[in-house]
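All remarks here apply to the structure that follows.
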Amino acid sequence: GGGAFALIRALAVGSIILVLFQAVRLFAPGVLSLGGYLSGASSSIAGSWHDLGILCGLFVLMTVALWNTRVTDGWWKYAFGLLGLTSFFLLIVINTVDVWFTVAGISLVFALVRIVGHMRSEDNNSSNFRMNVALWFVLAIIGGAAGFFSTTIYNTLPSRLQIVQLEVRPSWEGTYAIGQKALSSPKAIMFGSGPNTFTRAWGLFKPVGVNQTDFWNVDFNAGVGFIPTTFVTTGVLGLIAWGAL
């Protein structure tokens, strides 16, 4: 309904502001440092450089999914086009292999779902269907190719856009060890250790071997990835809520 359209469009407006700010900041990082809050070229108002890449991948997928729907009627098509193109540009600059492969995998799934849905429906608009499926397949091919040739992409970018950002985070083994101890009771499995409590869980249950590394005194606020961290902190119900969203 209209309420859902308004929410999606409001999300698009906020997303456009985010990606435009980050895109312009690539060429003028000093001017857009927000008083020194954003210090390096890889600083982002959306979290880490990797987090920004995940969001840009989501925005590209959202643009393709909503294209030629009632959400993008009128001038909104230009707004979503700007969002998709700017997000794709940032994806190229950020150039994270796991984000590229994730975009490729989700695009392929969307294409297959679209094909199955068309076969089961009585929709005779075959031209719109072919265009939509073609977009998903093209995006899947681009994402897969970019993931395989990410180093080549980085080397062909202008020096100003060759941004290196090292992100230190717990391994899968370390995250699993934290989750195993933090979710040791039925209640904890359902509700997790609590929202935004990974730092506390890390301090309580981190593997002993970490104390023999240079990161013995680092309090990580997240695990190896968003989904494992969400499971540790919000449990099964948290995952169900995110899946429903």
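The values are calculated or read from the model by the stated rules, or taken from the named source; none is laboratory data. Just so we're clear, the structure is a prediction, and the values are computed from it rather than from any experiment. In this analysis, Cβ positions are derived from the backbone assuming ideal geometry, glycine residues included, and neighbour counts consider all displayed protein chains. Accessible surface areas use protein heavy atoms only, side chains included; no ligands, DNA or RNA. Shrake-Rupley method; radii C 1.70, N 1.55, O 1.52, S 1.80 Å.
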Can you tell me which residue among Val97, Val60 is of a type in the set (A, V, I, L, M) and surrounded by 21 or more Cβ atoms within 10 Å (Cβ to Cβ)? Val60
For the structure I just gave you, tell me whether Leu58 is under 20 Å from the mean Cα position of the chain (by Cα) and free of Cβ contacts under 8 Å to residues at least 40 places away in the same chain. yes
Among the residues listed as Ile8, Ile45, the single one being open to solvent by less than 60 Å² (accessible area, probe 1.4 Å) and touching a residue at least 12 places away in the same chain (Cβ under 8 Å): Ile8
Which condition from (1) part of a helix (DSSP H, G or I); (2) at pLDDT below 85 is the one that Trp136 breaks? (2)
Go through (1) free of Cβ contacts under 8 Å to residues at least 12 places away in the same chain; (2) open to solvent by 30 Å² or more (accessible area, probe 1.4 Å); (3) not hydrophobic (A, V, I, L, M, F, W, C); (4) not in a helix (DSSP H, G or I) and name the single condition Ser33 misses. (2)
Among what's in the stretch 218-245 and is in contact with a helix residue (DSSP H, G or I) (Cβ under 6 Å, 6 or more places away or on another chain), at pLDDT 75 or above and assigned to a loop (DSSP other than H, G, I, E, B), pick the residue that is farthest from Ala46 (Cα to Cα). Asp219
With the first residue restricted to the stretch 134-151 and required to be farther than 10 Å from Phe101 by Cα, and the second required to be open to solvent by 80 Å² or more (accessible area, probe 1.4 Å) and not charged (D, E, K, R), Cβ contacts under 6 Å at 6 or more apart or on different chains are Trp136/Phe110
Looking at Phe215, is it in contact (Cβ under 8 Å) with a residue 24 or more places away in the chain, open to solvent by less than 60 Å² (accessible area, probe 1.4 Å) and either farther than 15 Å from Gly235 by Cβ or part of a loop (DSSP other than H, G, I, E, B) (or both)? no
